[in-house]
Amino acid sequence: MTIRLVLVRHGLSSFNEKGLIQGRTDDSLLTDEGYEQALKAGRALSKINFDSIYSSPLVRARETTKTIVKSFNKEQEIIFDNNLLEVDLGNWSGLKINEIKNKFPEIYPIWKNNPENLILKRSNNKTYKPIQELFNQANKFIKDILRIYLDKDNVNILVVGHNAILRCLILLLLGKPNHGFRKIRLENASFSILNISSHSDNLKTQIECLNQTSHLNKNIPNQIGDSRIFLIRHGETNWNKEGRFQGQIDIPLNENGKDQARKTFDYLRNISFNKAFSSSMHRPFETAKIILQNNQDLKIEKIDSLVEISHGLWEGKLELEIREKWPILLKNWHEKPEEVIMPQGESIKDVSERSVEAFEKICLSQKDNDLTLVVAHDAVNKTLICNILGINYSNIWMIKQGNGGITIIDLFNDPSKPPVISALNITTHLGGIIDSTASGAL
């Protein structure tokens with residue numbers, strides 16, 4: 001079983017425009033800009049053959065979905081599912097943030113810093129946890145999807161909903177990491193793609209991309225932090241293309257990899273980077289130099305701790321060759337990577353510890369308005385993203401990192417605010433909505 005979930009947040013609404021809390025109210029309507037965003041989303045998604053389309057029944061999501069479907073080549077049924085309703089914030093709906101701060105000073109900080117534990121009162125005076133209720137909703141929706149499509153393969157499902165419910169769906173599929181709600185973001189009409197597969201009766205989830213906005217003529221989401229890091233995987237090598245385990249053998253970029261780096265440069269040409277770091281290996285350093293070709297005076301600091309995982313005796317080999325000699329170890333690498341130490345190589349724990357330590361030093365060096373480029377490798381980037389999301393490094397397979405893919409991390413001076421992944425694995429500058437970069441060996 002393989003299911004591709006394409007999650008779309010509704011277009012700009014009247015409450016979004018006015019800065020009002022929406023929640024479950026149906027008084028918030030799609031604006032003219034919201035309709036235009038939905039049209040652009042529909043055009044971008046029109047090449048994907050969707051097997052099913054689900055939508056929240058609230059009018060702003062309903063109208064977004066109907067507008068998206070107009071761009072498709074065939075008429076399709078839209079299933080309006082109550083499990084996709086937005087979070088119920090009771091009498092907060094229709095208020096501005098400052099009004100909530102003033103009226104509810106004791107509990108507003110919980111909403112901002114630990115929303116999973118926010119407790120509100122209903123009109124009958126009974127208390128409830130709105131985000132916990134939303135996770136229950138998301139769980140029901142996922143169970144229904146799995147029940148319907150459990151025996152099918154290569155299924156594409158479009159899901160149009162709201163900021164909070166879509167975040168809960170994503171986090172639930174990632175194992176519901178603690179305090180994860182504020183670590184990701186979804187802009188109006190953005191795309192997020194998750195792949196769900198079944199192996200030996202075990203479900204596996206992979207985030208292919210998060211908060212993709214390029215179809216809206218907006219290459220990257222607006223900055224929300226005090227500084228920003230662009231975490232990028234190096235361009236393609238011949239060994240990526242062939243599916244060879246590369247590791248710490250210093251294979252250079254191939255021509256396609258150089259082209260990917262040039263396209264990444266062009267995609268980010270309006271970003272004025274003032275700091276740059278790279279793994280000390282050739283392929284990420286060359287990628288960084290191409291991205292910074294208009295800023296050649298900016299020094300790229302090489303960091304040894306960001307080099308790729310050492311595959312030891314597996315390096316230079318195809319998976320088929322490894323399977324012949326180390327079948328059980330390779331199987332465990334795919335199913336329980338945290339238990340594997342490569343023959344004469346490293347464990348993913350080793351990679352995570354050295355990479356996270358290096359990345360935290362980069363974060364500590366950030367000053368207001370810094371725009372920092374960091375170019376590294378597949379396994380390194382995956383462990384860094386796992387750490388930011390609050391999931392164990394054993395979950396590296398949950399994270400997709402395409403060659404030349406862009407992940408954006410917003411950082412805050414306030415130590416109580418965790419880093420936020422504002423976008424993950426943007427690869428639209430290298431192809432279409434779906435990541436088409438080489439899968440490689442890792």
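The values are calculated or read from the model by the stated rules, or taken from the named source; none is laboratory data. What you see is a predicted model; the values in this text were computed from it and never measured. Cβ atoms come from the backbone with ideal geometry, glycine included; neighbour counts cover every protein chain shown.
For region 322-338, which positions are of a type in the set (Phe, Trp, Tyr) and over 27 Å from the mean Cα position of the chain (by Cα)?
326
Exactly one condition in (1) farther than 30 Å from residue 423 by Cβ; (2) out of contact with any Asp or Glu (no Cβ under 6 Å at 6 or more places or on another chain); (3) part of a helix (DSSP H, G or I) is not met by residue 316; state its number.
(3)
From 232, 290, 196, 249, which residue is surrounded by fewer than 24 Cβ atoms within 10 Å (Cβ to Cβ), in contact with a strand residue (DSSP E or B) (Cβ under 6 Å, 6 or more places away or on another chain) and either of a type in the set (A, V, I, L, M) or outside the structural domain of residue 409 (by TED's automatic domain parsing) (or both)?
196
Quick grid of which residues meet (1) surrounded by 13 or more Cβ atoms within 10 Å (Cβ to Cβ); (2) closer than 21 Å to residue 15 by Cβ; (3) free of Cβ contacts under 8 Å to residues at least 40 places away in the same chain:
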| position | (1), (2), (3) |
| --- | --- |
| 98 | no, yes, yes |
| 110 | yes, no, yes |
| 113 | yes, no, no |
| 118 | yes, yes, yes |
| 129 | yes, no, yes |
| 138 | yes, no, no |
| 144 | yes, no, no |
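Got a number for residues in region 6-20 being surrounded by 19 or more Cβ atoms within 10 Å (Cβ to Cβ) and either over 17 Å from residue 69 (Cα atoms) or not assigned by TED's automatic domain parsing to the domain that holds residue 195 (or both)?
5
So which helices (runs of 4 or more DSSP H) are wholly in region 48-128 and hold at least 1 residues that are more than 27 Å from residue 142 (Cα to Cα)?
Here the list reads 97-103, 108-113.
Among the candidates 166, 158, 203, which residue alone is hydrophobic (A, V, I, L, M, F, W, C), surrounded by fewer than 16 Cβ atoms within 10 Å (Cβ to Cβ) and touching a strand residue (DSSP E or B) at 6+ places or on another chain (Cβ under 7 Å)?
Result of the check over 166, 158, 203: 203.
Quick one: would you say residue 40 is in contact with a helix residue (DSSP H, G or I) (Cβ under 6 Å, 6 or more places away or on another chain), more than 27 Å from residue 126 (Cα to Cα), basic (Lys, Arg) and surrounded by 15 or more Cβ atoms within 10 Å (Cβ to Cβ)?
Spelling it out, residue 40 is indeed in contact with a helix residue (DSSP H, G or I) (Cβ under 6 Å, 6 or more places away or on another chain), more than 27 Å from residue 126 (Cα to Cα), basic (Lys, Arg) and surrounded by 15 or more Cβ atoms within 10 Å (Cβ to Cβ).
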